[in-house]
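Each remark here refers to the structure printed beneath this line.
The values are calculated or read from the model by the stated rules, or taken from the named source; none is laboratory data. Here the structure is a predicted model, which is why all the values come from computation and not from measurement. We place every Cβ from the backbone using ideal geometry, glycine too, and count neighbours over all the protein chains shown. Surface accessibility is based on the protein's heavy atoms, side chains included, excluding ligands, DNA and RNA. Shrake-Rupley method; radii C 1.70, N 1.55, O 1.52, S 1.80 Å.
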Amino acid sequence: MKPELKANNRNVVFLVIVAALGYFVDIYDLVLFSVVRVQSLTEIGVSAENMQSDGFLIINSQMFGLLLGGILWGVLGDKLGRIKVLFGSILLYSLANIANGFVTTVNSYAIIRFIAGIGLAGELGAGITLVAETMDKEKRGYGTMIVGAIGLLGAAVAATVASKYTWQTSYFVGGGMGLILLLLRVGTFESGMFKHATNTDVSKGNIFMLFNNKKRFLKYLYCILIGIPLWFVVGILVTLAPEFGKALGATEPLKAGTGIMFTYFGIAIGDVVTGLLSQALKSRKKTVFIFHLLSVISVVVYLTSFGLTSSAFIWICLFLGFSVGYWATFVTIASEQFGTNIRATVTTTAPNFVRGALIPITFLFEFLAKRYSLITAGYLVMAILTIIAVFGLSQLKESFSKDLDYLEE
């Protein structure tokens, strides 16, 4: 990295902490609907027979917002700077979550989750981009590991708050934490690489650059594909824990909130392990491949656990979460594949396209569940997604210790 692009250690540590706390609030708000789904929909008058379909409508609205927001904030991150995106995105989703506490209908719920989704889309990509561009290339894996590990604990806090307070209060807490976080953002600084890129004539934040070159497009597509099994595990297998519990003959009703909390505990642990493993192996690809195999094993364990008890469910959720705990490493891989002038666009859109992929995955799962059974659909969808993900991973070049100070022409 050029000398003028380096930041002192104190500033880097502060940046990593702020990025981690930002992701913490982001995850809290992102999973909150999954945690309070049954309680909130029941209280606004949704019947038991419509609980699943209305729940899918709302979660898909949020995911569609993430999809659009990923494009919006990614482009703005490369055009206006990573810091401006962090401010704008967190303000939008904080206000949306406060508004969420006042919904009384399914339609208003879906609309506000859509708006919140747009806001939530900018946090992780901008934070990871800043950390990746600021830290030394041999050590940046540690920085993104910390962001992922601390951030994912937000899910545990969401489950804890929701278990002690009303679903409305849970949304207010999320919005309030976001607004408080804005005060911390004041002390953050812009990426030196971005500042350097602003002095060039090269196109910045041009999302069409990802599609007007076949090689670049395929590389972008492969970056997205490697992350899709994770959101199937969290968004369907764990979120629908009550339904899967019935199909597995669980000894008592399984709670999605409990499942989400322990799954994200597992993901946080997994993020630390994948970060350390990638540093030890000096390979992000080998690390993610190992965890893809682990995730298949964990899903098989889950879907064969007939007569499941609540305590066994907790351990399985920890295992499920740990096995898909490659999220921060996946986002880091995407960030390291592209030049500074479209890096924020890629790093912000890729994870949100993965989240948005939950929409077609949901349709596929529902189709297979109606045709076969809930359990069979779980097996089939996980198998399909894992094959796709491993193929995508095999097509990418290793990016560990790659110099990121370059531009895409």
Stokes-Einstein D in µm²/s, Kirkwood radius over Cα pairs - region 210-314 at 25 °C with 0.890 mPa s viscosity: 157 µm²/s
Of all accessible heavy-atom area on the chain, the percent that carbon and sulfur account for (1.4 Å): 68 percent
21 Å Cα-Cα reach of K285 towards lysines, excluding residues that sit fewer than 8 places from it in its own chain: K137, K139, K215, K219, K397, K402
For peptides 78-86, 62-70, sequence by mean Cβ density within 10 Å, most packed first: 62-70, 78-86
Karplus 3J(HN,Hα) series, Hz, for region 309-321 with 6.51 cos²θ - 1.76 cosθ + 1.60 (x for Gly, Pro): 9, 5, 5, 5, 4, 4, 5, 5, 5, 4, 5, 4, x
Listed residues L130, L374, L230, most fluctuating in the chain (Gaussian network, C-alpha, under 10 Å): L374
C-alpha center-to-center spacing [region 305-368, region 17-77] in angstrom: 14 Å
Nearest-ten-degree value, helix 327-336 long axis tilted from longest Cα axis of the chain: 30 degrees
Overall dimensions of region 258-368 as given by Cα atoms, namely Rg and Dmax in Å: 15.8, 53
Between helix 374-394 and the chain: long-axis angle, C-alpha atoms, 0 to 90°, nearest 10: 10 degrees
Size-normalised alpha-carbon gyration radius of region 348-409, reference 2.2 N^0.38 Å: 1.57
Total charge dipole magnitude, the chain, about the Cα centre, Cβ charges on Lys, Arg, Asp, Glu only, Debye to nearest 20: 660 debye
Relative contact order, percent, the chain [alpha-carbon distance under 8 Å, six or more residues apart]: 26 percent
Burial order of peptide ranges 23-33, 305-315 (average beta-carbon count within 10 Å, highest first): 23-33, 305-315
In order through region 355-365: 3J(HN,Hα) via Karplus (6.51 cos²θ - 1.76 cosθ + 1.60), integer Hz, x for Gly, Pro: 4, x, 5, 4, 5, x, 5, 4, 4, 5, 4
Per-peptide average of other Cβ atoms within 10 Å, ordering 317-328, 215-226 highest first: 317-328, 215-226
Cross-link partners of K255 among aspartates and glutamates (Cα-Cα below 16 Å; sequence separation of 8 or more within a chain): E243
Option label - percent of Cα pairs over 32 Å apart computed here, alternatives (i) 48; (ii) 29; (iii) 33: (ii)
Part-to-part distance (alpha-carbon centres) for region 242-279 and region 119-175, which is given in Å: 17 Å
Region 346-409 - accessible surface per residue (Å², probe 1.4 Å): 44 Å²
Top positive-direction residue, dipole computed over the chain with Cβ charges, set G321, V202, L254: V202
The chain: calculated mean residue ellipticity at 222 nm from DSSP helix runs of at least 4, using -39500 (n - 2.57): -25000 deg cm²/dmol
Dipole magnitude of region 63-196 about its Cα centre (Cβ charges: Lys, Arg +1; Asp, Glu -1), debye to nearest 20: 60 debye
